[in-house]
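Visitor: Take a look at this one; I'll ask things after.
The values are calculated or read from the model by the stated rules, or taken from the named source; none is laboratory data. Because the structure is predicted, anything quoted here is derived from the model rather than measured. Cβ atoms come from the backbone with ideal geometry, glycine included; neighbour counts cover every protein chain shown. Surface accessibility is based on the protein's heavy atoms, side chains included, excluding ligands, DNA and RNA. Shrake-Rupley method; radii C 1.70, N 1.55, O 1.52, S 1.80 Å.
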Amino acid sequence: MLSSGASISMGVRKKIKIIGGGFAGVKCALTLRKKLKREEADIILYNSENYLVFQPLLAEVVGASISPEPVAVPLRQMLPGVYCRTEEITKIDIENNYVEYFDDRGEKGQKGYDHLVIACGSSVNLAQIPGMADHAFPLKTVGDAVALRYHVMQQMENAEISDDIYRRKRHLSFIIVGGGFSGVEVAGEINDLVRDTRKFYRNIPKEEIKVTLIHSRDQVLPEVTSKLRDFTRKKMEQAGINVVLNRRVSHVTPLGVGFEDGVTIEGCTIVCTVGNAPAPVIQKLDVHKERGRLITQPDMRVEGHDNVWAVGDCAIINNSFDNTPSPPTGQFAERQGRQTAQNIVRVIKGKETKPFYFRPLGQLCAIGGHNAVAEFLGLHISGFLAWFLWRSVYLFKLPSFSHQVKVGFDWAWEIFYSRDLAHPKADLTERIGKSHFQAGDFIFKEGDPSNNFYIIESGEVDVVRNTGKEDEKVLAILGPGDFFGEMALLDNRSRTSAIRARTDLEVTIMGKKVFEQISGTLKPFRDFLADAVKRRSGNMWQKLPAVYQILNDQPLSTFLRPVEIKLSPNDTFEDAVRTISGKELDFCCVIDDSNKLNGIVTRTDIFRAVEAAVTPMTKVSEFMNSSPIGVTENDTCTLVAATLRDHDLKWVPVVDNLDNLYMKGYISRDRMITFVLDKLHDHRGHSASS
Ligand SMILES: Cc1cc2nc3c(=O)[nH]c(=O)nc-3n(C[C@H](O)[C@H](O)[C@H](O)COP(=O)(O)OP(=O)(O)OC[C@H]3O[C@@H](n4cnc5c(N)ncnc54)[C@H](O)[C@@H]3O)c2cc1C
């Protein structure tokens, strides 16, 4: 028997607050409104948007099988008698029974509650895989689905006008990461969309379309029986989908995805259906959690709090039907919402609560090509019949009759007519974005059109001429804080040199229009650019052919000096000051026990650390520059000289290579200049005497 806990006396109108208008929150609000009269309780539902997102049909929106509107079901029309507030709850004070939000003026507001139902689902976390957040599409909101659909259609248009087979294949390569329900559904929909609509394009051969589904386990759809999994895989492969199993994506770039072993799959469209994270408001909550989800008692109360309930994807709830944790599905979320409402009513009426109990009805998953797999009421069905069942179930599960009619109409339309190819752009305004590249990737190549301006956040790039040819030449190295791409944009011409990531790279990208706006209106930025253009456009070696000849004839080892004075990352601020002061060097390399360069400390870093009020015991690793510009033993003397000049450096560290960063020494600008001057002097002396 469960204790009724905070039994609240009748007679006072209760304030019941629900955070989240998804499957769980909506069902809870509807049930409460049915069971409690208006004078018994105020039911207030907070949701970030003014509609419920019917997530099971998002993949259909991507595939243009239905229009986006029917999957956004308006909360106000669905919940008469419930006070709906389109507001994001920013904090829950569980000890003092109130929630916090920002009102329409952006000011903080607070509202108390007698009962709180937390039903805020989960959010997407693409940050676990480098580059995923920058280059992949998530699928969680209506906006995600619409943006992805427009992107897919844009790739078809790009492929149509492309004469280059390599670029066309990239436009026509669609990669879906994650082989769970949503991954399988969206892979099937994208495959159907691109293959069904291909007939309207002249320049898209069937063989160039590639849809790839990547899954980390040995079979897709781990939730269904192995027979249905086999069926799913077979049908998807027959439909032309490349199913890649037992592989984990290790990084994502604008060119595609990569794996640990160096294998890559190129493609302009990457969809990520893995990587759930708790909603931000839950992350801040100091209660028991498991992998970010709230642990509840059997009756769905948050452990230790009698008037706080948690339901749906944000909670871990034991199902007393089979004593297993409930899976994060809409089916369970709805039942939990309803039974929580019943338990709240029991508490208000002084009765005992009941544990969550639900006999699952089954699983349904559409896999494309008018096929689905289903485990329904004990039956295992696959193929067209399962697909028909899938559509019927989801049509009737849509919580509003008008939306059922709209979806039914879209589906009927699709029987007689092709999918709609129009793709009005959702967002015409160019923005500033971020991008991740792996070492070796080209950010752009010679001859590419100039669309963007780039600022390096971390990592280094090579500026390269004659890429891939015998006389390929690295002209310069750029590092954190440097920028590139401005010359072609300002002159309105294509790229004259290529930019290749020398190390893993994070860049901020500014679209052409934003760049033009900022450089046109902001004088300091314009002057700064003009200065850089002047510096970069003059080829310094054309003016100094004799110097070029001298440096070009020398191996880099001529100038390499061993590092005699060094710091370890665990040394302190005090050690750094003692090491640098009184020495001629104005820098110190930070090298760990394996002789790897971790960073550098300069006098400027010491002054900055003083300003930041570090203590004498602060570790060097906390204030050093951990991404200094570096060169390798294989770089040429002319490249190193250009790097010293471009960055106004007095010296530069030399490492074995950029992967291992083993310290080899450093090159001093003054030493290089002295060497060149001596040689020039000798040369002139010779000429004079002869
Ligand atoms: C692409 C896709 C396909 C799916 N297909 C299926 C399927 O076929 N069958 C199935 O059973 N399940 C499916 N699911 C899973 C199912 O949709 C979820 O399990 C279900 O939506 C969870 O319901 P919920 O109410 O817990 O959360 P959600 O439906 O995610 O709703 C949570 C709501 O809370 C709001 N919110 C969050 N934080 C705050 C805050 N601080 N303040 C105010 N509001 C907030 C959010 O905006 C959101 O509207 C699918 C999911 C996806 C993404």
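Visitor: Give me the lysines in straight-line cross-link reach of Lys397: C-alpha distance below 20 Å, same-chain residues under 8 apart excluded.
Guide: Lys27, Lys34, Lys140, Lys406
Visitor: A follow-up question, please. Scan the range 493-553 for trypsin sites (Lys or Arg not before Pro) in coil per DSSP, keeping those whose Cβ has at most 11 other Cβ atoms within 10 Å, and list them by number. Write down the numbers at each step before the final one.
Guide: Values: sites: Arg493, Arg495, Arg500, Arg502, Lys512, Lys513, Arg526, Lys534, Arg535, Arg536, Lys543; in loops: Arg493, Arg495, Arg502.
Those satisfying the criteria are Arg493.
Visitor: What percentages make up the Cα-Cα pair-distance distribution of the range 279-408 when the bins are 10 Å wide from 0?
Guide: Each 10 Å bin holds this share of Cα pairs: 12, 32, 30, 21, 5, 0.
Visitor: Are there any trypsin sites (Lys or Arg not before Pro) in the range 59-148 that are in a DSSP loop and have at most 11 other Cβ atoms within 10 Å? List them by number.
Guide: Sites meeting the loop and neighbour criteria: Arg105.
Visitor: Percent antiparallel among DSSP beta bridges with both residues in the range 1-133, to the nearest 5?
Guide: Working: 12 of 26 bridges.
Bridges in the range 1-133 are about 45 percent antiparallel.
Visitor: Would you tally the net charge around Asn657, using a Cβ to Cβ cut-off of less than 11 Å, leaving Asn657 out, and scoring K and R as +1, D and E as -1?
Guide: The answer is -2.
Visitor: Separate question: Please identify every one of the trypsin sites (Lys or Arg not before Pro) in the range 292-384 that sits in a loop by DSSP and has no more than 16 other beta carbons within 10 Å of its own beta carbon.
Guide: Sparse-neighbourhood loop trypsin sites (Lys or Arg not before Pro): Lys349, Lys351.
Visitor: Using the heavy atoms of the protein chains alone and a 1.4 angstrom probe, what is the accessible area of the chain per residue in square angstrom?
Guide: On the way: 33670 Å² over 690 residues.
On a per-residue basis, the chain sits at 49 Å².
Visitor: List, in the order given, every pair from Lys619/Lys664; Lys35/Lys111; Lys15/Lys91; Lys434/Lys664; Lys473/Lys512 whose Cα-Cα distance in the structure shown is over 29 Å.
Guide: Lys434/Lys664
Visitor: So what's the chain giving for Cα Rg divided by 2.2 N^0.38 Å, two decimals?
Guide: 1.18
Visitor: Here's another thing I want to ask about it. Counting each DSSP H run of 4 or more residues in the chain as -39500 (n - 2.57), what helix-only mean residue ellipticity at 222 nm follows after dividing by all residues, to the nearest 500 deg cm²/dmol?
Guide: -10000 deg cm²/dmol
Visitor: If you don't mind, there's one more thing I want to ask. Above 17 Å lies some portion of the pair distances; for the range 575-635, what is it as a whole percent of all C-alpha pairs?
Guide: Counting every Cα pair in the range 575-635, those more than 17 Å apart make up 42 percent.
Visitor: Given the range 555-667 reduced to its alpha-carbon atoms as identical point scatterers, what log10 I(q)/I(0) does the Debye formula return at q = 0.10, 0.21 Å⁻¹?
Guide: Log10 of I(q)/I(0), two decimals: -0.28, -1.14.
Visitor: For the range 15-127, treating each Cα as an identical point scatterer without solvent, what Debye log10 I(q)/I(0) comes out at q = 0.09, 0.13, 0.21 1/Å?
Guide: The computed values of log10 I(q)/I(0) come out as -0.27, -0.55, -1.17.
Visitor: For the range 261-303, just the Cα set please: Rg and Dmax, both in angstrom.
Guide: 17.5, 49
Visitor: So if the hydrodynamic radius of the range 284-359 is defined as the Kirkwood radius over C-alpha pairs, what does Stokes-Einstein give as its diffusion coefficient at 25 °C and 0.890 mPa s, in µm² per second? Let's see the in-between values first.
Guide: Values: Rh = 12.4 Å.
Taking Rh from Cα pairs, D becomes 199 µm²/s.
Visitor: So which helices of the chain fit the span-like rule, where a helix is a whole DSSP H run, its Cα atoms reach 15 Å or more along the axis, and its mean Kyte-Doolittle is at least 0.5? Display every interim value, and only then the final one.
Guide: Numbers: long enough: 23-35 (18 Å, 0.26); 142-160 (27 Å, -0.25); 181-197 (24 Å, 0.07); 226-238 (18 Å, -1.86); 330-348 (27 Å, -0.64); 384-397 (19 Å, 0.96); 401-416 (23 Å, 0.16); 523-537 (20 Å, -0.90); 669-689 (30 Å, -0.83).
Helices meeting the criterion: 384-397.
Visitor: Here's something else I'd like to know. In terms of the Cα gyration tensor, with a ≥ b ≥ c the square roots of its eigenvalues, is the range 494-640 rounded because a/c is under 1.5, prolate because a/b exceeds b/c, or oblate?
Guide: Working: a/c = 2.17, a/b = 1.32, b/c = 1.65.
Note, shape of the range 494-640 comes out oblate.
Visitor: Name the shape class, rounded, prolate or oblate, that the alpha-carbon gyration tensor gives for the range 123-254, where a ≥ b ≥ c are the square roots of its eigenvalues, rounded holds for a/c under 1.5, and otherwise prolate holds if a/b is larger than b/c and oblate otherwise.
Guide: oblate
Visitor: Follow-up question, since we're still on this one. Mind checking the alpha-carbon convex hull of the range 369-459 and giving the volume per residue in Å³?
Guide: 281 Å³
Visitor: With 19 Å as the cut-off, how large is the P(r) tail for the range 123-199, expressed as percent of Cα-Cα pairs? Mind dumping the intermediate values first?
Guide: Details: 1195 of 2926 pairs.
Here the tail beyond 19 Å accounts for 41 percent of pairs.
Visitor: Can you send over the carbon and sulfur percentage of the accessible area for the chain, probe radius 1.4 Å, protein chains only?
Guide: 51 percent
Visitor: If exposed means no more than 10 neighbouring beta carbons inside 10 Å and the site is in a DSSP loop, what's the longest run of the chain without any exposed GluC sites (Glu not before Pro)?
Guide: Between exposed loop sites, the widest span is 261-469.
Visitor: Moving on. Taking the Cβ of Pro205 as the center, what net charge do the other residues with Cβ under 11 Å away carry, scoring Lys and Arg +1 and Asp and Glu -1?
Guide: Within the 11 Å Cβ shell, the charges total +3.
Visitor: While we're looking at this one, here's another question. Could you compute the net charge surrounding Val244? Neighbours are other residues with a C-beta less than 14 Å from the C-beta of Val244; K and R count +1, D and E count -1.
Guide: Numbers: positive: Lys210, Arg217, Arg233, Arg247, Arg248; negative: Asp218, Glu237, Glu260, Asp261, Glu266.
Net charge around Val244: 0.
Visitor: Return the ratio Rg/(2.2 N^0.38 Å) for the range 446-578, where Rg is computed over Cα atoms only.
Guide: Details: Rg = 18.8 Å, N = 133, 2.2 N^0.38 = 14.1 Å.
Working it through for the range 446-578, the quotient is 1.33.
Visitor: I would also like to ask the following. Could you give the dipole magnitude of the chain about its Cα centre, charging the beta-carbon of Lys and Arg +1 and that of Asp and Glu -1, in debye to the nearest 20?
Guide: Approximately 2140 debye in magnitude.
Visitor: With the contact rule set at Cα under 8 Å and sequence spacing of 6 or more, what percent relative contact order holds for the chain?
Guide: Worked out over the chain, it gives 11 percent.
Visitor: If you build the Cα gyration tensor of the range 361-408 and take the root of 5 times each eigenvalue, what three semi-axes come out, in whole angstrom, biggest first?
Guide: Details: eigenvalues 85, 32, 8 Å².
One finds semi-axes of 21, 13, 6 Å for the range 361-408.
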